[in-house]
(Lines give C-alpha, C1' and ligand atoms only; values in the text may rest on other atoms or scores of the structure.)
Protein backbone atom coordinates (compact mmCIF):
# COMPACT_ATOMS: atom_id res chain seq x y z
CA UNK A 1 0.00 0.00 0.00
CA UNK A 2 1.43 3.37 -1.00
CA UNK A 3 2.00 6.09 1.58
CA UNK A 4 -0.49 8.89 1.98
CA UNK A 5 -0.25 12.18 0.13
CA UNK A 6 0.56 15.06 2.46
CA UNK A 7 -0.27 18.63 1.52
CA UNK A 8 2.62 20.82 0.44
CA UNK A 9 3.52 23.56 2.91
CA UNK A 10 5.06 26.97 2.53
CA UNK A 11 8.68 27.36 3.60
CA UNK A 12 9.00 28.29 7.31
CA UNK A 13 11.43 31.13 6.56
CA UNK A 14 8.76 32.72 4.35
CA UNK A 15 5.51 31.92 6.14
CA UNK A 16 6.70 33.08 9.57
CA UNK A 17 6.63 36.66 8.30
CA UNK A 18 2.97 36.72 7.27
CA UNK A 19 -0.47 35.42 8.23
CA UNK A 20 -1.20 33.44 5.06
CA UNK A 21 -2.17 29.75 5.24
CA UNK A 22 0.59 27.24 5.91
CA UNK A 23 -0.44 24.53 3.44
CA UNK A 24 -1.52 24.86 -0.17
CA UNK A 25 -4.27 22.25 -0.09
CA UNK A 26 -4.56 19.36 -2.52
CA UNK A 27 -4.43 19.80 -6.25
CA UNK A 28 -7.03 17.80 -8.17
CA UNK A 29 -4.40 15.21 -9.05
CA UNK A 30 -3.24 14.84 -5.44
CA UNK A 31 -6.83 14.54 -4.25
CA UNK A 32 -7.58 11.75 -6.71
CA UNK A 33 -4.47 9.77 -5.72
CA UNK A 34 -5.29 10.05 -2.01
CA UNK A 35 -9.03 9.35 -2.37
CA UNK A 36 -8.39 6.26 -4.48
CA UNK A 37 -6.20 4.80 -1.73
CA UNK A 38 -9.33 4.34 0.42
CA UNK A 39 -10.18 0.64 0.71
CA UNK A 40 -13.92 1.33 1.13
CA UNK A 41 -14.14 -1.06 4.08
CA UNK A 42 -17.41 -2.91 4.63
CA UNK A 43 -17.21 -2.01 8.31
CA UNK A 44 -15.46 1.39 8.24
CA UNK A 45 -13.93 2.05 11.64
CA UNK A 46 -13.04 5.60 10.59
CA UNK A 47 -16.72 6.48 11.02
CA UNK A 48 -16.55 5.22 14.61
CA UNK A 49 -13.81 7.75 15.30
CA UNK A 50 -15.75 10.70 13.87
CA UNK A 51 -17.54 12.76 16.57
CA UNK A 52 -19.99 14.17 14.01
CA UNK A 53 -20.89 10.85 12.37
CA UNK A 54 -19.83 11.71 8.80
CA UNK A 55 -20.15 8.87 6.27
CA UNK A 56 -16.45 9.04 5.48
CA UNK A 57 -16.11 6.25 2.88
CA UNK A 58 -19.08 7.62 0.95
CA UNK A 59 -17.76 11.16 0.59
CA UNK A 60 -14.30 9.83 -0.28
CA UNK A 61 -15.79 7.54 -2.95
CA UNK A 62 -17.40 10.54 -4.62
CA UNK A 63 -14.06 12.33 -4.56
CA UNK A 64 -12.31 9.31 -6.07
CA UNK A 65 -14.83 9.59 -8.92
CA UNK A 66 -14.00 13.31 -9.19
CA UNK A 67 -17.43 14.37 -7.95
CA UNK A 68 -16.69 16.96 -5.25
CA UNK A 69 -20.22 18.40 -5.45
CA UNK A 70 -21.63 15.04 -4.40
CA UNK A 71 -18.93 14.64 -1.75
CA UNK A 72 -19.78 17.95 -0.09
CA UNK A 73 -23.45 17.00 0.07
CA UNK A 74 -22.52 13.91 2.08
CA UNK A 75 -20.27 15.94 4.37
CA UNK A 76 -22.90 18.61 5.02
CA UNK A 77 -25.51 16.01 5.92
CA UNK A 78 -23.74 15.73 9.28
CA UNK A 79 -21.22 18.57 9.43
CA UNK A 80 -22.19 22.23 9.08
CA UNK A 81 -18.54 23.34 8.99
CA UNK A 82 -16.51 21.00 6.74
CA UNK A 83 -14.02 23.65 5.57
CA UNK A 84 -13.32 24.50 9.21
CA UNK A 85 -13.00 20.88 10.35
CA UNK A 86 -10.75 20.08 7.39
CA UNK A 87 -8.29 22.60 8.82
CA UNK A 88 -8.50 22.49 12.62
CA UNK A 89 -10.03 19.12 13.54
CA UNK A 90 -7.45 16.70 15.07
CA UNK A 91 -8.22 13.89 12.60
CA UNK A 92 -4.97 12.15 13.51
CA UNK A 93 -6.40 11.21 16.91
CA UNK A 94 -9.93 10.49 15.68
CA UNK A 95 -11.09 9.17 12.30
CA UNK A 96 -7.60 8.69 10.83
CA UNK A 97 -6.46 6.80 13.92
CA UNK A 98 -9.22 4.24 13.31
CA UNK A 99 -8.33 3.81 9.63
CA UNK A 100 -7.39 0.21 8.80
CA UNK A 101 -4.14 1.55 7.31
CA UNK A 102 -3.13 3.28 10.56
CA UNK A 103 -0.87 0.43 11.70
CA UNK A 104 1.08 0.82 8.46
CA UNK A 105 1.47 4.55 9.13
CA UNK A 106 -0.52 5.14 5.96
CA UNK A 107 -3.95 6.31 7.16
CA UNK A 108 -6.09 8.03 4.56
CA UNK A 109 -5.72 11.82 4.97
CA UNK A 110 -9.41 12.30 5.69
CA UNK A 111 -9.05 15.88 6.89
CA UNK A 112 -7.18 16.96 3.77
CA UNK A 113 -9.85 15.39 1.58
CA UNK A 114 -12.59 17.09 3.57
CA UNK A 115 -10.87 20.44 3.07
CA UNK A 116 -10.60 19.80 -0.67
CA UNK A 117 -14.30 18.94 -0.98
CA UNK A 118 -15.33 22.08 0.91
CA UNK A 119 -12.92 24.47 -0.79
CA UNK A 120 -13.48 23.22 -4.33
CA UNK A 121 -17.24 23.63 -4.07
CA UNK A 122 -17.45 26.81 -1.98
CA UNK A 123 -18.28 29.04 -4.96
CA UNK A 124 -20.91 26.82 -6.51
CA UNK A 125 -22.56 25.13 -3.52
CA UNK A 126 -24.57 28.15 -2.43
CA UNK A 127 -26.77 26.65 0.24
CA UNK A 128 -26.53 24.22 3.12
CA UNK A 129 -29.45 22.24 1.78
CA UNK A 130 -32.45 22.67 -0.49
CA UNK A 131 -34.62 25.03 1.57
CA UNK A 132 -37.73 24.34 -0.45
CA UNK A 133 -37.50 20.62 0.41
CA UNK A 134 -37.66 21.27 4.15
CA UNK A 135 -41.08 21.20 5.76
CA UNK A 136 -41.06 24.08 8.23
CA UNK A 137 -42.86 23.41 11.51
CA UNK A 138 -43.16 27.04 12.60
CA UNK A 139 -41.36 26.52 15.92
CA UNK A 140 -38.62 28.90 17.00
CA UNK A 141 -35.36 27.91 18.70
CA UNK A 142 -32.87 30.39 20.14
CA UNK A 143 -29.14 29.66 20.15
CA UNK A 144 -26.92 31.77 22.41
CA UNK A 145 -23.42 31.98 20.96
CA UNK A 146 -22.21 31.61 17.37
CA UNK A 147 -19.18 29.40 17.91
CA UNK A 148 -18.82 25.83 16.61
CA UNK A 149 -21.40 24.33 19.00
CA UNK A 150 -23.98 27.04 18.32
CA UNK A 151 -23.56 27.02 14.54
CA UNK A 152 -23.76 23.23 14.44
CA UNK A 153 -26.82 22.96 16.67
CA UNK A 154 -28.53 25.71 14.70
CA UNK A 155 -27.67 24.14 11.36
CA UNK A 156 -29.03 20.74 12.37
CA UNK A 157 -32.25 22.28 13.69
CA UNK A 158 -32.69 24.20 10.43
CA UNK A 159 -32.49 20.93 8.54
CA UNK A 160 -35.20 19.50 10.78
CA UNK A 161 -37.60 22.35 9.99
CA UNK A 162 -37.09 24.71 12.92
CA UNK A 163 -36.77 28.48 12.75
CA UNK A 164 -33.35 29.25 14.27
CA UNK A 165 -32.01 32.56 15.55
CA UNK A 166 -28.49 32.85 16.94
CA UNK A 167 -27.64 35.61 19.41
CA UNK A 168 -24.00 36.73 19.46
CA UNK A 169 -22.56 39.23 21.94
CA UNK A 170 -19.69 40.35 19.70
CA UNK A 171 -19.85 42.37 16.49
CA UNK A 172 -19.12 39.38 14.27
CA UNK A 173 -20.07 35.71 14.31
CA UNK A 174 -17.94 32.59 14.67
CA UNK A 175 -16.95 32.65 18.33
CA UNK A 176 -13.63 30.97 19.02
CA UNK A 177 -13.31 30.12 15.31
CA UNK A 178 -12.98 33.83 14.57
CA UNK A 179 -11.26 35.29 17.62
CA UNK A 180 -9.32 32.34 19.01
CA UNK A 181 -7.65 30.77 15.97
CA UNK A 182 -5.06 32.73 13.97
CA UNK A 183 -5.56 33.64 10.33
CA UNK A 184 -2.78 31.33 9.19
CA UNK A 185 -4.62 28.32 10.58
CA UNK A 186 -8.19 29.32 9.75
CA UNK A 187 -8.64 32.22 7.31
CA UNK A 188 -11.60 34.46 8.12
CA UNK A 189 -12.78 34.29 4.50
CA UNK A 190 -13.17 30.51 4.85
CA UNK A 191 -15.18 30.92 8.04
CA UNK A 192 -17.31 33.60 6.38
CA UNK A 193 -18.14 31.25 3.50
CA UNK A 194 -19.32 28.56 5.94
CA UNK A 195 -21.44 30.99 7.96
CA UNK A 196 -22.94 32.58 4.84
CA UNK A 197 -24.03 29.15 3.62
CA UNK A 198 -25.91 28.69 6.89
CA UNK A 199 -27.45 32.15 6.54
CA UNK A 200 -28.62 31.37 3.01
CA UNK A 201 -30.20 28.25 4.43
CA UNK A 202 -32.35 30.35 6.72
CA UNK A 203 -30.28 30.87 9.86
CA UNK A 204 -30.69 34.31 11.45
CA UNK A 205 -27.78 35.77 13.42
CA UNK A 206 -28.31 38.78 15.70
CA UNK A 207 -24.99 40.42 16.59
CA UNK A 208 -24.13 42.75 19.50
CA UNK A 209 -26.73 41.03 21.69
CA UNK A 210 -25.49 39.92 25.10
CA UNK A 211 -28.00 37.41 26.46
CA UNK A 212 -28.13 38.04 30.18
CA UNK A 213 -27.77 41.79 29.69
CA UNK A 214 -29.30 42.95 26.38
CA UNK A 215 -31.96 40.29 26.76
CA UNK A 216 -32.62 37.70 29.44
CA UNK A 217 -33.48 34.04 29.10
CA UNK A 218 -36.98 34.95 30.26
CA UNK A 219 -37.22 37.49 27.40
CA UNK A 220 -36.40 34.80 24.85
CA UNK A 221 -39.13 32.50 26.12
CA UNK A 222 -41.56 35.42 26.17
CA UNK A 223 -40.73 36.06 22.51
CA UNK A 224 -41.98 32.61 21.63
CA UNK A 225 -38.84 30.47 21.52
CA UNK A 226 -39.70 26.89 22.42
CA UNK A 227 -36.20 25.93 23.50
CA UNK A 228 -32.81 27.58 24.01
CA UNK A 229 -29.33 26.22 23.37
CA UNK A 230 -26.54 27.95 25.29
CA UNK A 231 -23.12 27.84 23.62
CA UNK A 232 -21.38 30.93 24.95
CA UNK A 233 -17.95 29.34 25.34
CA UNK A 234 -15.52 30.05 28.14
CA UNK A 235 -13.94 33.47 28.10
CA UNK A 236 -12.29 34.06 31.47
CA UNK A 237 -8.54 33.31 31.36
CA UNK A 238 -6.86 31.18 34.00
CA UNK A 239 -3.90 32.82 35.75
CA UNK A 240 -1.13 30.93 37.60
CA UNK A 241 -1.63 32.87 40.86
CA UNK A 242 2.04 33.73 41.25
CA UNK A 243 3.72 37.07 42.05
CA UNK A 244 3.96 39.56 39.19
CA UNK A 245 1.13 38.27 37.02
CA UNK A 246 -0.41 41.77 37.04
CA UNK A 247 2.68 43.41 35.56
CA UNK A 248 2.40 45.34 32.30
CA UNK A 249 2.90 43.24 29.16
CA UNK A 250 1.76 40.06 30.88
CA UNK A 251 -1.14 39.02 28.65
CA UNK A 252 -3.64 36.20 28.69
CA UNK A 253 -3.60 34.28 25.43
CA UNK A 254 -7.29 35.00 24.91
CA UNK A 255 -6.76 38.78 25.11
CA UNK A 256 -3.71 38.56 22.85
CA UNK A 257 -5.41 36.49 20.17
CA UNK A 258 -8.65 38.50 20.28
CA UNK A 259 -6.70 41.68 19.68
CA UNK A 260 -4.93 40.08 16.75
CA UNK A 261 -7.99 38.44 15.19
CA UNK A 262 -11.00 40.66 15.81
CA UNK A 263 -9.18 43.99 15.85
CA UNK A 264 -6.69 43.32 13.02
CA UNK A 265 -3.74 44.24 15.23
CA UNK A 266 -1.43 42.51 12.75
CA UNK A 267 -2.52 45.09 10.14
CA UNK A 268 -1.40 48.12 12.17
CA UNK A 269 -1.26 50.97 11.12
CA UNK A 270 -3.92 50.14 8.49
CA UNK A 271 -6.15 49.22 11.43
CA UNK A 272 -5.64 51.53 14.40
CA UNK A 273 -5.84 48.83 17.05
CA UNK A 274 -2.25 47.97 17.87
CA UNK A 275 -1.02 45.33 20.24
CA UNK A 276 2.32 45.39 22.00
CA UNK A 277 4.86 43.47 19.97
CA UNK A 278 7.40 41.84 22.24
CA UNK A 279 10.95 41.23 21.10
CA UNK A 280 11.72 38.40 23.53
CA UNK A 281 8.44 36.65 24.23
CA UNK A 282 7.71 33.91 26.76
CA UNK A 283 4.57 31.78 26.32
CA UNK A 284 3.38 29.65 29.23
CA UNK A 285 1.41 26.52 28.25
CA UNK A 286 1.46 23.52 25.92
CA UNK A 287 -1.88 23.42 24.11
CA UNK A 288 -2.94 24.62 20.68
CA UNK A 289 -3.62 28.10 22.07
CA UNK A 290 -0.05 28.28 23.36
CA UNK A 291 1.25 27.27 19.92
CA UNK A 292 -1.02 29.84 18.27
CA UNK A 293 0.26 32.57 20.60
CA UNK A 294 3.90 31.64 20.06
CA UNK A 295 3.59 31.44 16.28
CA UNK A 296 1.66 34.70 16.15
CA UNK A 297 4.41 36.41 18.17
CA UNK A 298 6.95 35.21 15.61
CA UNK A 299 4.86 36.78 12.86
CA UNK A 300 4.64 40.06 14.75
CA UNK A 301 8.43 40.32 14.68
CA UNK A 302 9.66 38.75 17.93
CA UNK A 303 13.38 37.95 17.87
CA UNK A 304 12.97 35.05 20.29
CA UNK A 305 9.92 33.10 21.46
CA UNK A 306 10.31 30.61 24.30
CA UNK A 307 7.45 28.25 25.13
CA UNK A 308 7.58 27.02 28.73
CA UNK A 309 5.69 23.84 29.70
CA UNK A 310 5.79 22.05 33.02
CA UNK A 311 5.64 18.54 31.56
CA UNK A 312 7.45 16.81 28.70
CA UNK A 313 6.94 17.66 25.03
CA UNK A 314 5.17 14.33 24.46
CA UNK A 315 2.64 15.30 27.14
CA UNK A 316 1.77 18.60 25.49
CA UNK A 317 -1.94 18.53 24.54
CA UNK A 318 -1.39 20.42 21.28
CA UNK A 319 -1.51 18.67 17.93
CA UNK A 320 1.75 17.20 16.68
CA UNK A 321 1.36 19.25 13.52
CA UNK A 322 1.21 22.48 15.53
CA UNK A 323 4.31 21.58 17.52
CA UNK A 324 6.15 20.75 14.30
CA UNK A 325 5.17 24.04 12.68
CA UNK A 326 6.10 26.03 15.77
CA UNK A 327 9.58 24.51 15.92
CA UNK A 328 10.11 25.05 12.19
CA UNK A 329 9.25 28.72 12.64
CA UNK A 330 11.75 29.23 15.44
CA UNK A 331 9.82 28.68 18.69
CA UNK A 332 12.06 27.25 21.42
CA UNK A 333 10.47 24.64 23.68
CA UNK A 334 11.55 24.64 27.34
CA UNK A 335 9.91 21.65 29.01
CA UNK A 336 9.72 20.31 32.56
CA UNK A 337 9.85 23.93 33.64
CA UNK A 338 7.33 26.04 35.54
CA UNK A 339 7.21 29.78 36.34
CA UNK A 340 7.24 30.80 40.00
CA UNK A 341 7.17 34.59 39.61
CA UNK A 342 7.28 37.38 37.05
CA UNK A 343 9.83 40.13 37.65
CA UNK A 344 9.17 43.75 36.73
CA UNK A 345 11.23 46.90 36.26
CA UNK A 346 10.73 50.17 38.15
CA UNK A 347 7.81 51.08 35.86
CA UNK A 348 6.15 47.69 36.47
CA UNK A 349 6.81 46.30 33.02
CA UNK A 350 7.77 42.62 32.97
CA UNK A 351 11.46 42.04 32.36
CA UNK A 352 12.02 38.42 33.40
CA UNK A 353 10.43 35.16 34.50
CA UNK A 354 11.83 33.16 37.39
CA UNK A 355 11.34 29.46 36.71
CA UNK A 356 12.00 26.16 38.42
CA UNK A 357 12.71 22.77 36.88
CA UNK A 358 10.19 19.97 37.38
CA UNK A 359 10.43 16.19 37.65
CA UNK A 360 8.00 13.31 38.02
CA UNK A 361 7.60 11.91 41.50
CA UNK A 362 7.07 8.48 39.99
CA UNK A 363 3.48 8.06 41.16
CA UNK A 364 0.66 7.68 38.66
CA UNK A 365 -2.68 5.98 38.24
CA UNK A 366 -4.19 4.44 35.12
CA UNK A 367 -5.19 7.19 32.71
CA UNK A 368 -3.72 9.92 34.93
CA UNK A 369 -0.48 11.77 34.22
CA UNK A 370 2.39 11.47 36.67
CA UNK A 371 2.31 14.14 39.33
CA UNK A 372 5.22 16.56 39.34
CA UNK A 373 7.45 18.09 41.96
CA UNK A 374 9.86 21.01 41.89
CA UNK A 375 13.59 20.32 41.86
CA UNK A 376 15.15 22.11 44.80
CA UNK A 377 17.75 24.68 43.84
CA UNK A 378 16.82 24.70 40.16
CA UNK A 379 15.50 28.25 40.09
CA UNK A 380 16.69 30.27 37.11
CA UNK A 381 15.84 33.49 35.29
CA UNK A 382 14.60 33.89 31.70
CA UNK A 383 14.65 37.46 30.42
CA UNK A 384 11.61 38.70 28.52
CA UNK A 385 9.68 41.83 27.64
CA UNK A 386 6.34 40.08 27.10
CA UNK A 387 4.61 37.06 28.67
CA UNK A 388 1.57 35.29 27.22
CA UNK A 389 -0.36 32.97 29.55
CA UNK A 390 -2.07 30.09 27.73
CA UNK A 391 -3.30 28.09 30.72
CA UNK A 392 -6.93 27.61 29.74
CA UNK A 393 -10.22 29.40 30.31
CA UNK A 394 -13.06 29.46 32.82
CA UNK A 395 -16.70 30.16 31.89
CA UNK A 396 -17.97 33.74 32.01
CA UNK A 397 -20.39 33.85 34.98
CA UNK A 398 -22.70 36.61 33.68
CA UNK A 399 -25.42 34.46 32.12
CA UNK A 400 -25.58 31.92 34.95
CA UNK A 401 -25.52 34.61 37.65
CA UNK A 402 -28.44 36.47 36.05
CA UNK A 403 -30.59 33.39 35.40
CA UNK A 404 -32.23 31.87 38.47
CA UNK A 405 -32.07 28.09 38.82
CA UNK A 406 -29.45 27.69 36.08
CA UNK A 407 -27.07 25.47 38.01
CA UNK A 408 -23.29 25.48 37.66
CA UNK A 409 -20.55 23.31 39.14
CA UNK A 410 -17.68 24.44 41.36
CA UNK A 411 -15.66 25.56 38.33
CA UNK A 412 -18.49 27.61 36.83
CA UNK A 413 -19.50 25.20 34.05
CA UNK A 414 -23.19 24.72 33.35
CA UNK A 415 -24.43 21.38 34.66
CA UNK A 416 -26.16 19.29 32.00
CA UNK A 417 -27.61 15.80 31.86
CA UNK A 418 -26.84 13.09 29.31
CA UNK A 419 -29.02 14.93 26.79
CA UNK A 420 -27.25 18.26 27.36
CA UNK A 421 -30.27 19.75 29.14
CA UNK A 422 -29.50 22.14 31.99
CA UNK A 423 -31.27 22.37 35.33
CA UNK A 424 -34.02 24.40 33.62
CA UNK A 425 -36.32 22.32 31.38
CA UNK A 426 -36.06 23.39 27.76
CA UNK A 427 -32.64 25.01 28.13
CA UNK A 428 -29.74 23.02 26.70
CA UNK A 429 -26.02 23.76 26.58
CA UNK A 430 -22.85 22.56 24.87
CA UNK A 431 -19.26 23.44 24.01
CA UNK A 432 -16.79 25.14 26.33
CA UNK A 433 -19.53 26.30 28.71
CA UNK A 434 -20.07 22.67 29.79
CA UNK A 435 -16.40 21.68 29.67
CA UNK A 436 -15.79 20.86 26.00
CA UNK A 437 -12.18 21.55 25.06
CA UNK A 438 -11.90 21.30 21.26
CA UNK A 439 -13.73 22.57 18.20
CA UNK A 440 -14.75 19.10 17.08
CA UNK A 441 -15.96 18.21 20.58
CA UNK A 442 -18.11 21.35 20.58
CA UNK A 443 -19.50 20.43 17.16
CA UNK A 444 -20.37 16.95 18.42
CA UNK A 445 -22.16 18.41 21.44
CA UNK A 446 -24.12 20.77 19.19
CA UNK A 447 -25.32 17.85 17.07
CA UNK A 448 -26.39 15.76 20.04
CA UNK A 449 -28.11 18.72 21.67
CA UNK A 450 -30.09 19.44 18.48
CA UNK A 451 -31.50 15.90 18.54
CA UNK A 452 -32.29 16.20 22.24
CA UNK A 453 -34.09 19.52 21.70
CA UNK A 454 -36.31 17.98 19.05
CA UNK A 455 -37.14 15.04 21.30
CA UNK A 456 -37.87 17.37 24.20
CA UNK A 457 -40.28 19.48 22.13
CA UNK A 458 -42.06 16.38 20.86
CA UNK A 459 -42.30 15.05 24.38
CA UNK A 460 -43.89 18.26 25.66
CA UNK A 461 -46.39 18.26 22.83
CA UNK A 462 -44.35 20.89 20.94
CA UNK A 463 -45.00 23.57 23.51
CA UNK A 464 -42.75 24.66 26.32
CA UNK A 465 -44.18 24.35 29.78
CA UNK A 466 -44.07 27.54 31.83
CA UNK A 467 -40.84 27.71 33.76
CA UNK A 468 -40.12 29.71 36.90
CA UNK A 469 -36.90 31.66 37.01
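Screening the candidates 74, 100, 108 for the property of being assigned to a helix (DSSP H, G or I), outside the structural domain of residue 451 (by TED's automatic domain parsing), over 25 Å from residue 182 (Cα atoms) and more than 21 Å from the chain's Cα centre (by Cα) yields one hit, 74. Just one of the listed residues (112, 78) is in contact with a strand residue (DSSP E or B) (Cβ under 9 Å, 6 or more places away or on another chain) and touching a residue at least 12 places away in the same chain (Cβ under 8 Å), namely 112. For the range 303-325, a tally of residues being assigned to a helix (DSSP H, G or I), touching a strand residue (DSSP E or B) at 6+ places or on another chain (Cβ under 7 Å) and closer than 16 Å to residue 14 by Cα returns 0.
Yes or no, residue by residue, for (1) surrounded by 21 or more Cβ atoms within 10 Å (Cβ to Cβ); (2) modelled with pLDDT under 95:
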position: 342; (1), (2): yes, no
position: 348; (1), (2): no, no
position: 373; (1), (2): no, yes
position: 378; (1), (2): no, no
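Residues checked against (1) closer than 24 Å to residue 136 by Cα; (2) outside the structural domain of residue 164 (by TED's automatic domain parsing); (3) in contact with a strand residue (DSSP E or B) (Cβ under 6 Å, 6 or more places away or on another chain):
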| residue | (1), (2), (3) |
| --- | --- |
| 409 | no, no, no |
| 412 | no, no, yes |
| 428 | yes, no, yes |
| 432 | no, no, no |
| 435 | no, no, no |
| 438 | no, no, no |
| 441 | no, no, no |
| 446 | yes, no, no |
| 453 | yes, no, yes |
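Screening residue 246 with (1) touching a residue at least 12 places away in the same chain (Cβ under 8 Å); (2) over 24 Å from residue 328 (Cα atoms) gives one miss only, at (1).
Name the residue that is modelled with the lowest pLDDT, counting only residues in the range 386-419 that are in a loop (DSSP other than H, G, I, E, B) and under 30 Å from residue 352 (Cβ atoms). Restricting to residues being in a loop (DSSP other than H, G, I, E, B) and under 30 Å from residue 352 (Cβ atoms), the top hit is 392. With respect to the conditions (1) more than 16 Å from residue 197 (Cβ to Cβ); (2) modelled with pLDDT of 95 or more; (3) outside any loop (DSSP other than H, G, I, E, B), residue 66 falls short on a single one, namely (3).
How many residues are under 27 Å from residue 295 (Cα atoms), part of a helix (DSSP H, G or I) and touching a residue at least 12 places away in the same chain (Cβ under 8 Å) when one looks only at the range 1-47? Number satisfying all stated conditions: 2.
Restricting attention to the range 271-301, the residues that are surrounded by fewer than 22 Cβ atoms within 10 Å (Cβ to Cβ), in contact with a strand residue (DSSP E or B) (Cβ under 7 Å, 6 or more places away or on another chain) and part of a loop (DSSP other than H, G, I, E, B) total 1.
The values are calculated or read from the model by the stated rules, or taken from the named source; none is laboratory data. Just so it is clear, the model here is predicted, and its values are computed rather than measured. Using ideal geometry, Cβ is built from the backbone for each residue, glycine included, and neighbour counts are taken over all protein chains shown.
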